[in-house]
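Nothing in this text is a laboratory measurement; each read-out follows from the coordinates by a stated rule. Because the structure is predicted, anything quoted here is derived from the model rather than measured. Positions of Cβ are backbone-derived with ideal geometry, glycine not excepted, and every protein chain shown enters the neighbour counts.
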Amino acid sequence: MHSRNSASRKWLGRPGELVDHSQDKTGAHRQGRGEANMTVEPNWASPPGATIARVMKMREIDAAELADAMNLSAEDFDSLLRGRHRLNKEMAAVLADNLGSTARFWLARDKDYIRELARLGQTDVMDANNWLQSMPLSSMRRFGWLPKDSRTRQAQMKDLLAFFDCDSLQNWGLRYSSGVGAVAFRTSLAFASDGMATLVWLRAGEVQLPTSAVKFDRTRFKQILPSLKRLSAFKQPSRMLERLREACLKVGVLVTTARAPEGCRASGASWFDSAGRPVIHLSFRHLSEDHFWFTFFHEAAHVLLHGENHIDGEGSETMGSDTERQEAEANAYAQTLLLPDEIREPLLARRAISAKLVVDAARAARVTAGVVVGQLERAGAIAHGKLSFLKHRYRWTSDPYVPELVEF
């Protein structure tokens, strides 16, 4: 990294190549069939630092070097990332030289942030009501994430902010305008409330994270992944999850689960906490073992291959910032781990696939027959439902974090 005036300036981007997605400035959302046209203005402000931090991580740029190039102390640079330090023309020019786009872009980004802060500082009753109405309050009360007697506007505001561990709506906006929170709002879903429902689900994962854990060991995580699929032999989700979390925690990977509130279509998500440890958060969508294990290994693939905040779900054109290539890579990684090619290919070559063949393949792959059935369904080798009696199914009861096995 070099300062803007250095003779050996290091160029890490070209003007115009940086596309910023930290903030949807229109607040518009896609209209579902039969739904009225609605526009919801976002109640958060994303600082330029959110974009700076993301590009630095993506391009592996050292924070100390960039701060030095901008003539900022470590403290001032941290304030810039947090939205507490304004950009000037000189700093914007350094960012353009080293991160990409133009100085004009960075200055405009800063001005947009200040404008949004001003708007949020004048939040009126209608703004607060819009925020409340976008939350899945009924689901949150049913899951125990909000008190059942949280009915008045004042009580709901207080209880929601407490759930997010924020002391004000503005603080909430600043906290969740970057990281995986920003990914939730960049999802292209049918209704505006889906972004909030997804964020609530992500927060349900955050509250489960341990206060301390070992440092993430990428090599060891990759090494233990094939052995983790054997845990599918545990029928009860609680017993399986206990062992899965314990194994992953030893290599610095945090695994959480939570029921998705109404409006959230996420199957899984992965992000990195403040200490650089990956978090894999799962929703048990579809309540079947094959979907659970495929989602886990899919998210594990994103952690190992891409190292970005990510959300997987349904009912959307795109979720997060992943490319089709990344999704294909994660899918292939999960498929190969669950059902290796040397077992998959002979099975797919069969004209007819019986339950016995599935059981034999499962034994060879060291997974349950239900996991193999799911893989065959994904490959189009068998019709959905044909061998579904081999799958373990789950159901939600009073625990919003772990479902129970359906006994037949």
For this session: Excluding residues on the same chain fewer than 8 positions from residue 250, give the lysines whose Cα lies under 18 Å from its Cα.
Result: 215, 222, 229
Seminar exercise, completed: Counting sequence-distant residues (5 or more places) and residues on other chains, those with an amide H built under 5 Å from that of residue 257 are 282
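So between residue 355 and residue 398, what do we pick up on full extension, going 0.36 nm a residue minus the alpha carbon distance? Could you put the intermediate results ahead of the total?
On the way: separation 43, 0.36 × 43 = 15.48 nm, distance 3.40 nm.
Going from the current span to full extension adds 12.1 nm.
What ranking of 289, 324, 206 emerges when the number of other C-beta atoms within 10 Å of each C-beta is taken as an exposure proxy, fewest first? Each step should come with its number before you reach the end.
Values: 289 27, 324 8, 206 17.
Ascending Cβ contact count within 10 Å gives the list 324, 206, 289.
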For this session: Please arrange 249, 137 by counting, for each residue, the other beta carbons lying within 10 Å of its beta carbon, fewest first.
Result: 249, 137
For this session: Quickly work out the residue 249-to-residue 73 label distance, labels modelled 7 Å from Cα along the C-beta direction, and quote it in nm with one decimal.
Result: 4.0
Exercise. Would you list 248, 264, 166 from fewest to most Cβ contacts within 10 Å?
Worked result: 166, 248, 264
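If R0 is 60 Å, what FRET efficiency do you get for residue 364 and residue 62 from their C-beta distance, rounded to 0.05?
Working: r = 47 Å, r/R0 = 0.79.
For residue 364 and residue 62, the calculated efficiency is 0.80.
For the range 218-405, report the convex hull volume of the alpha-carbon atoms normalised per residue, in Å³, without decimals. Could you put the intermediate results ahead of the total?
On the way: hull volume 23.4 nm³, N = 188.
Per-residue hull volume (Cα only) is 124 Å³.
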Seminar exercise, completed: For the residue 388, residue 227 Cβ pair and Förster radius 25 Å, calculated FRET efficiency rounded to 0.05 is 0.40
Exercise. Tell me which lysines have Cα within less than 24 Å of residue 148's Cα, excluding those fewer than 8 residues away on the same chain?
Worked result: 158
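Subtract the Cα-Cα distance of residue 151 and residue 407 from 0.36 nm times their separation in residues, and report this length gain in nm to one decimal.
88.5 nm
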